[in-house]
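Heads up: the structure comes next, in C-alpha cells.
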Amino acid sequence: GSWVNMTSDNKGRLIVSDQYGALYRVSPGKDAGTTKVEKLEVPLGEAQGLLYAFDSLYVVVNRGQTYESGLYRVTDTNGDDQFDKVELLKKIAGGGEHGPHAVKLGPDGKLYVIAGNHTKPPEGLDPQSPHRNWDEDLLLPRNPDGNGHATGVMAPGGWVCRTDKDGKEWEIFCGGFRNQYDIDFN
C-alpha cells in the first residue's frame, strides 16, 4: 500500500502506516536483505499521523475503510516489545483528504493534532482556547466554488488542537486553514 506517515520509536525503528491498511514496524538494516518489516498485530491502521512519545504510539486515524477517525494511543502493557493495547483518546469528526492528519510533540510537552477543513473541531474544547470566537465575517456576499468543493464548510476551517499526553484536555490552538497536512516547530 501507500505508506503515508512514519515515526521512529525509542529503539530507532520506523513505524509506518498503510493509508488503507495496517501499521508496520521497520527495522532498517545495511541493505534490503537485512531490513526487517513486520506487521503490528494491533487492530488499528489507516493512519495519517504517527508519533512515538511518552512510551506510547499516538495514531491519528483518518476514517478509511475500517477504523473510526480520531486520536488513538497504542501501548505495550507487558514489556514484550509488542503493542497490545489500543485506546481511542478522542473521536474526530472528519475523513478523506481534508480530514484528520498529523500529530506532533510540541516544545511544551503537549500533543498537537491537525486536521483539514472538512473536519469539525473535536467536542469538549476549552472555552478559553487560544483560538476562539471565530465567525464567518464577510465583507462581500459569499461566492461558493462553482464545482461545489467545500460548499458549506465554515469557520474555523482546518485547525490545530493541542492536548495532554492522555488526551483529556483539548484546546484549539489556531484555525482558518484549508488542508494542511503536517506541522513542525522552530
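The values are calculated or read from the model by the stated rules, or taken from the named source; none is laboratory data. Not measured: the values here are computed from a predicted model. Note that each Cβ is placed from the backbone with ideal geometry, even for glycine, and that neighbours are counted across all protein chains shown. In case anyone asks, the SASA skips ligands and DNA or RNA and just uses the protein heavy atoms, side chains included. Shrake-Rupley method; radii C 1.70, N 1.55, O 1.52, S 1.80 Å.
A compact table of results
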| item | result |
| --- | --- |
| Odd one out for residue 176 among (1) modelled with pLDDT under 95; (2) open to solvent by less than 70 Å² (accessible area, probe 1.4 Å); (3) in a loop (DSSP other than H, G, I, E, B) | (3) |
| Selected residue (only one of 96, 158, 106 is buried (at least 20 other Cβ atoms within 10 Å of the Cβ), within 16 Å of the chain's Cα centre (by Cα) and under 22 Å from residue 4 (Cα atoms)) | 158 |
| Filter result (within 20 Å of residue 121 (Cβ to Cβ), open to solvent by 40 Å² or more (accessible area, probe 1.4 Å) and of a type outside the set (D, E, K, R)) within region 68-93 | 88, 93 |
| Region 1-43, residues that are aromatic (Phe, Trp, Tyr) and closer than 16 Å to residue 57 by Cα | 24 |
| Of residues in region 29-66 being in contact (Cβ under 8 Å) with a residue 24 or more places away in the chain and open to solvent by 60 Å² or more (accessible area, probe 1.4 Å), the one nearest to residue 167 (Cα to Cα) | 54 |
| Residue satisfying all of: in region 141-174; without any contact (Cβ under 8 Å) to a residue 60 or more places away in the chain and touching a Gly at 6+ places or on another chain (Cβ under 6 Å); nearest to residue 50 (Cα to Cα) among these | 159 |
| Selection from region 76-97 of residues that are in contact (Cβ under 8 Å) with a residue 60 or more places away in the chain, farther than 20 Å from residue 15 by Cα and not in a loop (DSSP other than H, G, I, E, B) | 90 |
